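Below: the structure, in structure tokens.
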Amino acid sequence: MANSEKKPTMKKVAAGDVIFNILNYTVFLIYTILCIYPFYYLIINSISNNDMSANGLVNFIPHGIHLQNYKDVMKLKGIGSAMLVSVGRTVIGTVCTVLASAFMGFIFTQPKLWKKKLLYRFVVITMYFNAGLIPMFLTMKTFHLTNTFWVYIIPAIINPFDIIMMKTYLESSPRSLEEAAEVDGASILTIFTRVILPTSTPILATLAIWAAVGQWNAFQDTLLYVTDQNLYSLQYLLYTYINQANSLASVLKNSGNVMSIANLATRQTPTSIRMTVSVVVVLPILFIYPMFQKYFVKGIMIGAVKG
Amino acid sequence: MKADSSTTVPAKQGMKKGTKMALMIMPFLVLTFLFRYFPLHGWVYALYDYKAPLRLTQCDFVGFHWFKVLFANPTQVKQLMQVLKNTFAMSLLGIATSILPLLFAVFLNEIRYKWFRNIVQTMTTIPNFISWTLIYSIAFALFSTTGMFNSVMQQLGVIDAPVKILDSSKHVWLMMLLWSLWKGLGWNSIMYLAAISGIDMEMYDSAKVDGAGRFQLMRYITIPQLMPTFFVLLMLSVANFLNNGMDQYYVFQNAFNKRYIQVLDLYVYNIGITGSSMSLATAVGIMKSAVSIALLTLVNVLSKRVRGETII
């Protein structure tokens, strides 16, 4: 960071300023490393010599790189279906939530809507109360949604916050195209699909990423509503693996050491399984997130305008 | 716009179109009712002694029994007090540190190189997008007895034997605070960075003409300009005082730290789903909702007094 002190157009830099700059850069650098290092740690451990990583010897650089863990983890019971469930709920859930929110948000901007204010309040007010965990559980049971895939999708379709965001966005953008289409006699659905959706990409992208991250990371719904192992999400499976590894670790420690060194390097240990599954769960986010970061920032700014 | 030549005559549209639109969103309104309003009927379970597989009509009606139990039974009271203490501690610590994202943004804004700012912003927001399960997995990888922390400390000779960090009843509140800061600090600062970019540059220019230095600009312009945003977020966190959520505490809880980690949301889960009484859990949930709504109203009134407009 030493040469970052050259000053393009600034006047004389005071000594206090220099010290402040150095401190400032250092603190941010350290904090950034703190945020990134855990992911790096997981990745290097998932590709290193399993014996070394189980003993906590892989901390900064990978040793004995191999990809056996990934091949083995794919054979684990349950991971195939968990991946399918997680990808499925993320794709279907995101499409449903975004389309529903966009449509509702759009309709709520229409002055002609029957009882507009009342209907809007009916939806939005639900943001501020919550029946609670047990009543929700009983409701899902009543609707026979427990232990079905749809328990991940249907309750999430209505999202008052997304509806507000969409409505705010549409109200702050020009309506001339929409009016022109209306004069041409286009129906509401045509206006929605041909005019509103194509011109709202920034907000739709924001809502889609929110929904996708929410779906991908959701954990509580599996915990509460699902006991069928075929419907476990990746997050939930990861959680059970971590806990199994807890007990597995102590069993393996007492079972003597008859393996050859070569085997030990690629033999699965609780640590290797945990690390590898974690990387499988986090990798999609690490890849996709930086590409979409600008949409997040934009989305937050739209939200800030409202607040 | 070809698809729809069959629409009605424009003159007749007024009322008809409005009703048509209402009918179009009807399925969504029904969903709203089914998943947002209908569950409220579950509150009556708090008035019964509900046993899981039975129907409600087969169970005893006990009136306000569960509400009384919460405040009358000494062990129950003691447990509830501890849970409330945990909830208050986590929420208060969260509120006390809510100034950090603001400072993060103010100081990050002082960094002149855009590429550095962008890297910091991107990297520090990533933890916000991973689940608590994964954070627990990371915590386990780094801080279990064979994890990175213990192995490095032992290699350096700082400690002789591994220290139990996760399976410990010590500093539970502090650890939970640090993890939630790690997850949220970078992300929460984005709101303030957005607000900073909206500050009128003329204010800075005229202050500079008056001879204000860098720190004076920060102190007398940037921070005061961020205060409205800070106030709104502060009020929202007061309104959510009892809602800590349960994912974080659920994944981190174990036999050692349970006493200090159990917040209200987790307590409801523990007694309702894994424990004995759904009815008792519902009663706790109802009281939590009542307090939350009271807090929200209070915060709204406060906000109206201070800023002249309500939050919701």
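Read the figures in this text as sums done on the coordinates, not as results from a lab. What you are looking at is a predicted structure, and each value in this text was computed from that prediction instead of being measured. Every residue, glycine as well, gets a Cβ built from its backbone with ideal geometry; the counts of neighbours run over all protein chains shown.
Of note:
- Treating r as the C-beta distance of A:ILE30 and B:ASN254 and R0 as 25 Å, the FRET efficiency rounds to 0.25.
- Peptide A:29-39 shows a mean partner chain C-beta count of 6 within 10 Å per residue C-beta.
- Within a Gaussian network of chain B (alpha carbon springs, distance under 10 Å), most fluctuating of B:LEU56, B:LEU178, B:LEU193: B:LEU56
- When each of the peptides A:116-124, B:136-144, A:198-206 is scored by the mean number of other C-beta atoms lying within 10 Å of its residues, the order from highest to lowest reads B:136-144, A:198-206, A:116-124.
- Residues whose placed amide H lies under 5 Å from that of B:TYR48, excluding near-sequence neighbours: B:VAL62
- Listed residues B:SER168, B:SER189, B:SER180, most fluctuating in chain B (Gaussian network, C-alpha, under 10 Å): B:SER168
- For chain A, the membrane-span-like helices by this rule, meaning whole DSSP H stretches whose C-alpha atoms cover at least 20 Å of axis and whose Kyte-Doolittle mean is -0.5 or above, are A:15-47, A:79-107, A:201-217, A:234-254, A:270-306; this says nothing about an actual membrane.
- Longest to shortest principal axis, alpha-carbon extents of segment B:199-312, angstrom: 70, 34, 17
- Per residue of the protein assembly as shown, the DSSP helices (runs of n ≥ 4 H) give a summed -39500 (n - 2.57) that works out to -20500 deg cm²/dmol at 222 nm.
- Among residues other than B:MET287 with Cβ under 14 Å from its Cβ, the summed charge is +1 (Lys and Arg +1, Asp and Glu -1).
- For segment B:63-205, fraction of C-alpha pairs farther apart than 22 Å, in %: 61
- Flagged links, alpha-carbon separation over 19 Å, of B:LYS78/B:LYS288; A:LYS115/B:LYS17; B:LYS183/B:LYS258; A:LYS116/B:LYS17; B:LYS78/B:LYS164: B:LYS183/B:LYS258; B:LYS78/B:LYS164
- Its Cα gyration tensor gives segment A:8-166 an equivalent ellipsoid. The semi-axes, each the square root of 5 times an eigenvalue, are 45, 34, 15 Å from largest down.
- Unit Cα scatterers, Debye sum, segment B:267-307: log10 I(q)/I(0) for q = 0.24, 0.34 Å⁻¹: -0.71, -0.97
- Over the protein assembly as shown, the pair-distance histogram of Cα-Cα distances with 10 Å bins from zero comes to 3, 13, 22, 25, 20, 12, 4, 1, 0 percent, rounded to whole numbers.
- Its Cα centre serving as origin, the protein assembly as shown has a Cβ charge dipole (Lys and Arg +1, Asp and Glu -1) of approximately 720 debye.
- Residue mean of other protein chain beta carbons inside 10 Å, A:193-199: 1
- Each distinct pair of alpha carbons in segment B:51-104 adds a 1/r term; the inverse of their mean, the Kirkwood radius, is 14.6 Å.
- Cβ-to-Cβ counts within 10 Å put B:VAL172, A:VAL73 in ascending order as A:VAL73, B:VAL172, the fewest first.
- Take A:37-44, B:151-158 and order them by the average number of nearby Cβ atoms within 10 Å per residue, most first; the result is A:37-44, B:151-158.
- Test item: Cα-centred dipole of chain B, Lys/Arg +1 and Asp/Glu -1 on Cβ, debye: 620
- Chain B: DSSP helices with Cα axial extent of at least 18 Å and average Kyte-Doolittle hydropathy no lower than -0.5: B:74-96, B:172-197, B:223-239, B:278-307
- Note on chain A: Kirkwood hydrodynamic radius from all Cα pairs is 23.7 Å, rounded to one decimal.
- Sequence ranges B:122-132, A:270-280, ranked by mean other-Cβ count within 10 angstrom, highest first: A:270-280, B:122-132
- Cα-Cα separations in chain B greater than 36 Å, expressed as whole percent: 42
- In this rough spin-label picture, where each label sits 7 Å from Cα along the Cβ direction, the A:MET74-B:LEU236 distance is 4.2 nm.
- Segment A:79-230, dipole about Cα centre (Lys/Arg Cβ +1, Asp/Glu Cβ -1), debye to the nearest 20: 360
- Ranking B:PHE28, B:ALA46, B:GLY18 by how far each Cα lies toward the positive end of the dipole of segment B:10-57 (charges on Cβ) leaves B:GLY18 at the top.
- Listed residues B:GLY272, B:GLY184, B:GLY211, most fluctuating in chain B (Gaussian network, C-alpha, under 10 Å): B:GLY211
- Averaging 1/r over each pair of different alpha-carbon atoms in segment A:79-230 and inverting the result gives 17.1 Å, the Kirkwood hydrodynamic radius.
- Chain B, relative contact order in percent, only Cα pairs under 8 angstrom and at least six apart counted: 25
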